[in-house]
1. Just to be sure I understand the filter: pairs with C-beta atoms under 8 Å, separated by 6 or more residues or on different chains, first member in the stretch 180-195 and surrounded by fewer than 24 Cβ atoms within 10 Å (Cβ to Cβ) and modelled with pLDDT under 95, second member charged (D, E, K, R) and in a loop (DSSP other than H, G, I, E, B). Which pairs pass?
2. Out of the helices (runs of 4 or more DSSP H) lying entirely within the stretch 107-167, which hold 2 or more residues that are within 16 Å of the ligand (Cβ to nearest atom)?
3. Kindly establish whether ALA34 is under 15 Å from LEU147 (Cβ atoms), touching a Leu at 6+ places or on another chain (Cβ under 7 Å) and either among the small types (Gly, Ala, Ser) or surrounded by 18 or more Cβ atoms within 10 Å (Cβ to Cβ) (or both).
4. Being closer than 19 Å to TRP173 by Cβ, in contact with a strand residue (DSSP E or B) (Cβ under 7 Å, 6 or more places away or on another chain) and surrounded by fewer than 19 Cβ atoms within 10 Å (Cβ to Cβ) is the requirement here; does ARG212 meet it?
5. Just give me the residues in the stretch 54-70 being outside any loop (DSSP other than H, G, I, E, B) and buried (at least 19 other Cβ atoms within 10 Å of the Cβ), in sequence order.
6. Does the stretch 252-262 contain any residue that is hydrophobic (A, V, I, L, M, F, W, C), crowded, with 21+ Cβ neighbours inside 10 Å and closer than 25 Å to GLY12 by Cα?
7. Can you name every residue in the stretch 37-53 that is part of a loop (DSSP other than H, G, I, E, B) and either surrounded by 15 or more Cβ atoms within 10 Å (Cβ to Cβ) or touching a helix residue (DSSP H, G or I) at 6+ places or on another chain (Cβ under 6 Å) (or both)?
8. Return the total of residues in the stretch 71-104 being away from the ligand (no atom under 16 Å from the Cβ), under 22 Å from THR128 (Cβ atoms) and part of a loop (DSSP other than H, G, I, E, B).
Amino acid sequence: MTTLALHVLRVGACRHLECMAARGGRWRRVDFPALCGLIRHPQHGWILYDTGYADHFFSATEKWPERLYRTALPVDLPANEALLTQLASFGLTPADIRLVIVSHYHGDHIAGLRDFPNARFIALAADTEHFGSRLGKRWRATLGGHLPGLLPPDYFARVRAADNCPKRDLPRWLAPLTQGFDLLGDGSLIGVPLVGHSHGQLGLFLEDAGGRPAILVADACWSLPALREGRLPAIPAMFISAERRRYVATFESLADIARREQAVALLPSHCPVAWQEYRDAS
Ligand SMILES: [Zn+2]
């Protein structure tokens, strides 16, 4: 398997109740960072998994009803956390990003898509179709965490369905996850459907430069410590899941893996503990 350099970037954060991420948590507001993965592939170059927040988020939520989103989930994006600033520290310009893998279409994952004019996009077809069905339905989109204003105008011409990539078996030790999509055709980046949170959430399985297997799980869980203890998100938080029963099944699959396979890095998009552990081990 081709190994890939994986860098974890914090691109803004929102404030929300800690107890939303896991039952039994405290009723106090904490930061939920938006984390994205910057991946270097030896042939395909630089790839992003999600973008976190961006200034586009603030313009897209200026008016009502979209303003409801940032009122409910206040966002902070310090200048030093802006994705383009962080990419520049790697010597990268926006044009260097040729592929953005979209885990799902909630605003905290796609706010920077407009910044990458040369990028193609990959997402699961069902999620793209669902998002497309919300265009022009501003209230329904906003209540579902979707902000169509974040998409580049030519987005639908540039996005490819992960489902059309060749199917690939996952290693047996990842059971009950069994199959994914070979996004680049060389087995280095396997898109793994993690159903339930959205209409088609795409996780990512890879082996990093240190030879460590990692799964970027987006919002299939919000807290790695809670996942290890099998504590689901709070009930109100579950209501933003597109399909609650399937969300629970996905969560339990990942909890199984977390308990059994200490060597794999499970990386939720909003869990600072998971990403810090990963950085410390790298
Ligand atoms: Zn999220």
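1. So the pair list comes out as VAL195/GLU243.
2. In the stretch 107-167, the matching helices (runs of 4 or more DSSP H) lie at 107-110, 125-133, 138-143.
3. The answer is no for ALA34.
4. yes
5. Scanning the stretch 54-70 gives HIS56, PHE57, ALA60, TYR69.
6. no
7. HIS44, ASP50, THR51, GLY52, TYR53
8. The number of residues fulfilling the criteria is 0.
The values are calculated or read from the model by the stated rules, or taken from the named source; none is laboratory data. Nothing here was measured: the structure is a model prediction, and the numbers come from that model. Positions of Cβ are backbone-derived with ideal geometry, glycine not excepted, and every protein chain shown enters the neighbour counts.
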